[in-house]
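The values are calculated or read from the model by the stated rules, or taken from the named source; none is laboratory data. For clarity, every value in this text was computed on a predicted model and none was experimentally measured. Cβ: placed from backbone, ideal geometry, glycine included. Neighbour counts: every protein chain shown.
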Amino acid sequence: MNFKRRNKANPDFSLAAMVDVILLLLIFFMVTSSVANQSAIDVKLPKGDVQNPNIPNEMVVSIKEDGTYFVDDQPVKKEDLESVVVKNMQNAKNKSFTIRADKNSLHKDVVFVMEIAEKHKLNIAIATSREE
């Protein structure tokens, strides 16, 4: 007895719909990721040759020209900065943060934040703007 199946399922399917969905998701994430790293603190960044412009860090320390400090857009006193940074980095999976210093801020203000990072073994990235 030879039993043959007459109705075989066709395993072919169209990839066009899946490619459209993937392309739309890619565009969505590219647009939202470029907007997500913007900060509300008005800091004029120094110019630099940007090698890797989008390093994702969970925390941003901004330094204005007059020496005021901000952690994630919230003003912080200089004497409280170390405790705020350490507290924010305790549960962070990425033990690094970005320093956004105004190009006219004093070098000692930037070094102060860098010393906090060194003391607690944290990695830092210094934000710059592209040369144009």
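Remarks
- Qualifying residue in the stretch 105-118 (condition: among the polar types (S, T, N, Q), surrounded by 11 or more Cβ atoms within 10 Å (Cβ to Cβ) and farther than 14 Å from V60 by Cα): yes
- Matching option when the condition is under 14 Å from the mean Cα position of the chain (by Cα), modelled with pLDDT of 85 or more and outside any loop (DSSP other than H, G, I, E, B), among F70, F97: F97
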